[in-house]
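The next block holds one structure in the form of C-alpha cells; read it before the comments.
The values are calculated or read from the model by the stated rules, or taken from the named source; none is laboratory data. For clarity, every value in this text was computed on a predicted model and none was experimentally measured. With ideal geometry, Cβ positions are generated from the backbone for all residues, glycine too; neighbour counts draw on all protein chains shown. Note: accessible area is taken over every heavy atom of the protein model, side chains too, but ligands, DNA and RNA are not part of it. Shrake-Rupley method; radii C 1.70, N 1.55, O 1.52, S 1.80 Å.
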Amino acid sequence: MKLSRKNIWIGLFATFLVVLPFGPALPNLMAGAILAFWLFELLHFRVQASRRDWLEFLVINGYVLLHFLSLFWSDDLAHGLQKSLLLVFIPLFFLVMRHLKGIFSISDAGLLVGCFTFSTSILSILSLSVAMNAPEFSLDALLQENLATSLINFHYLGFSLYVGAAIVLTLTLWLFHRNSMPQWYRKPAPIILIFLLGILLLLSSRSTIVFTLILSVFLLWRARKIASTPEFLGIIAIIVLAVVFVFSNRALIEKFKDAVNFDGQYEVTEYWGGRGFRELIWDCTAHVIEANPALGTGYGDQQTELELCFRRHRYQALLLKGNTFNAHNLFLQITLATGLVGLVLFLTSLVYATSRLWNREATIYFAFLVLFLGTSLTESHFNRNAIVLLFAFFHAFFYFKFSAYERSSDT
C-alpha cells in the first residue's frame, strides 16, 4: 500500500477502532495519537476555515461547549474538570473529521466499520471463552455482567451497545454498500451477524436488543427491492429466532416484565433495580432541574445535587450498597448539568446534522444515530468513556463522509 496522507489517516483510524473495544487505556492513547497527528498537519499545512465552518462547529458542538462553560457556576470544579475529559473528544473528533472532509470514500467507511466489527467480535469470542472455562462454570456465567467482565472490565450495557452498533453498521453495509466491504469482511459478514446477535442476547440489555431488532427490520424493509429472496428470508429467520430466544431466556423475560411492571410485582419496594429505580432517579432529576431550569446545576455539581435529592426524599433504595446513580437518561442528564439551554443546544445539534444529511441517503449514519439515541432513553451514555469515544468517532466520520458531497446513494 502506498504511504500517502490518506493511508496514514486510515491506518490511524483503523488502529483506533481495533483497540476501541479493549479500553480504556489503548483507545485513549490512540485518540491522543490521532489528535497529535492532526495538530502536526495544522502546523505544517495551511488550513482554511470559513465563517460558515465555524458556525457549523458551534451549532453541532454547542451543547458540549456549554458543559465546559458551566464549570464557572459549579462548586465542585475538580469533579467537573475530570468529567470534561470525557466530552472533549466530541468536538475534537469533529475538528479532525472536518479537517479531512471529502477524502474518504464509502469503501474507506467499509474498511473502518469492518475493523470495529472484527475487534468487537474478537472481544466477544475471548470473553465467551473465558466465561465458559471458569472453574465453577454455570449458565449464569454467560449472561449480562458475568460475560461482559469475564475478560476486561467492560460494563455489560456498554458492551451491548458496541455489539449492537457492530450489528447495525454491518447489516447496513451488507444490504446497501456490499461492494464497499473488503473481502475479509464481506465473506464472513452473515456469520458475524449471527454470532454477534447471539452475544447481544446473552448480554441481555433490553433497550439495545429492542432497538437493534427494530433497526434490523427497518433496514430489511428498506432494502426489500434490492435484497435477493434468500437473503431476505434468511435475515427474517434470524430475527424470528432472536425473538424466540428472548421469550425463552428466563433472565431476559424477567427484565422485560420488570420494564412493564408485570402484575405490579416490580415496585421499587419489592424489587431491587430496573424500572423502579429509574422512576425514583427520574423523579429526583426532575426536582433538581425544576430548581435549576435555565442553566442547570453546572457540570461539576450534577451528581452531588442528584444524590442530595435522593437523601432529601429518603430514597433509601438508591443509597444502599454505596452505589452512585446518574440520571439514566441522556436528555435528562444534559438538562441536569446545563439546563433547558443545554437541552435545546443538543436537540439543535441533532436537527441540524440530520437535516444536512436527510437527502443524502446516509442510511448508515441514521441507523447509528437512532441506535445511540434510542438506548440513551434509559442510560446516560456521555458518562462512560467507551461510549463517548464510540459516538465521537462514528458521528463525526459519517457526518462529514456524507455531507462532503451533494448526493450519496445507498444503491
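For the stretch 338-384, name all the residues that are within 16 Å of the chain's Cα centre (by Cα), under 21 Å from ILE106 (Cα atoms) and not β-branched (Val, Ile, Thr).
Restricting attention to the stretch 338-384, the residues satisfying the condition of being within 16 Å of the chain's Cα centre (by Cα) are 346, 350, 364-384.
The next check asks that each one be under 21 Å from ILE106 (Cα atoms); those that pass are 364-371.
Scanning the stretch 338-384 gives TYR365, PHE366, ALA367, PHE368, LEU369, LEU371.
Look at (1) open to solvent by 20 Å² or more (accessible area, probe 1.4 Å); (2) closer than 25 Å to PHE372 by Cβ; (3) touching a residue at least 24 places away in the same chain (Cβ under 8 Å) and you find that VAL217 fails only one, number (3). Scanning the stretch 131-155 for residues that are acidic (Asp, Glu) and under 21 Å from the mean Cα position of the chain (by Cα) turns up just one, GLU145.
What number goes with the only condition from (1) buried (at least 20 other Cβ atoms within 10 Å of the Cβ); (2) at pLDDT 95 or above that LEU347 does not pass? LEU347 satisfies all of (1) buried (at least 20 other Cβ atoms within 10 Å of the Cβ); (2) at pLDDT 95 or above except (1).
On the basis of being surrounded by fewer than 19 Cβ atoms within 10 Å (Cβ to Cβ), of a type in the set (Asp, Glu) and either in contact with a Phe, Trp or Tyr (Cβ under 9 Å, 6 or more places away or on another chain) or in a helix (DSSP H, G or I) (or both), does GLU145 make the cut?
On the way: surrounded by fewer than 19 Cβ atoms within 10 Å (Cβ to Cβ): yes; of a type in the set (Asp, Glu): yes; either in contact with a Phe, Trp or Tyr (Cβ under 9 Å, 6 or more places away or on another chain) or in a helix (DSSP H, G or I) (or both): yes.
Against the criterion (surrounded by fewer than 19 Cβ atoms within 10 Å (Cβ to Cβ), of a type in the set (Asp, Glu) and either in contact with a Phe, Trp or Tyr (Cβ under 9 Å, 6 or more places away or on another chain) or in a helix (DSSP H, G or I) (or both)), GLU145 qualifies.
Check whether at least one residue in the stretch 82-100 is within 17 Å of the chain's Cα centre (by Cα), over 19 Å from PRO21 (Cα atoms) and either hydroxyl-bearing (Ser, Thr, Tyr) or open to solvent by less than 20 Å² (accessible area, probe 1.4 Å) (or both), and report yes or no. Among the residues of the stretch 82-100, at least one is within 17 Å of the chain's Cα centre (by Cα), over 19 Å from PRO21 (Cα atoms) and either hydroxyl-bearing (Ser, Thr, Tyr) or open to solvent by less than 20 Å² (accessible area, probe 1.4 Å) (or both), which makes the answer yes.
Restricting attention to the stretch 45-70, and to residues there that are open to solvent by less than 40 Å² (accessible area, probe 1.4 Å) and of a type in the set (Phe, Trp, Tyr), which single residue is farthest from SER349 (Cα to Cα)? Restricting to residues being open to solvent by less than 40 Å² (accessible area, probe 1.4 Å) and of a type in the set (Phe, Trp, Tyr), the top hit is PHE57.
Against the list (1) in a helix (DSSP H, G or I); (2) modelled with pLDDT of 80 or more, the condition PHE325 fails is (1).
Within the stretch 220-236, restricting attention to residues that are surrounded by fewer than 17 Cβ atoms within 10 Å (Cβ to Cβ) and under 19 Å from LEU200 (Cα atoms), which residue is nearest to the chain's Cα centre (by Cα)? Residue satisfying both the conditions and the ranking: ILE236. Screening THR378, THR354 for residues that are polar (S, T, N, Q) and free of Cβ contacts under 8 Å to residues at least 24 places away in the same chain leaves exactly one candidate, THR354. The residues of the stretch 107-130 that are of a type in the set (A, V, I, L, M, F, W, C) and open to solvent by 50 Å² or more (accessible area, probe 1.4 Å), listed by number, are PHE118, ILE122, ILE125, LEU126, VAL130.
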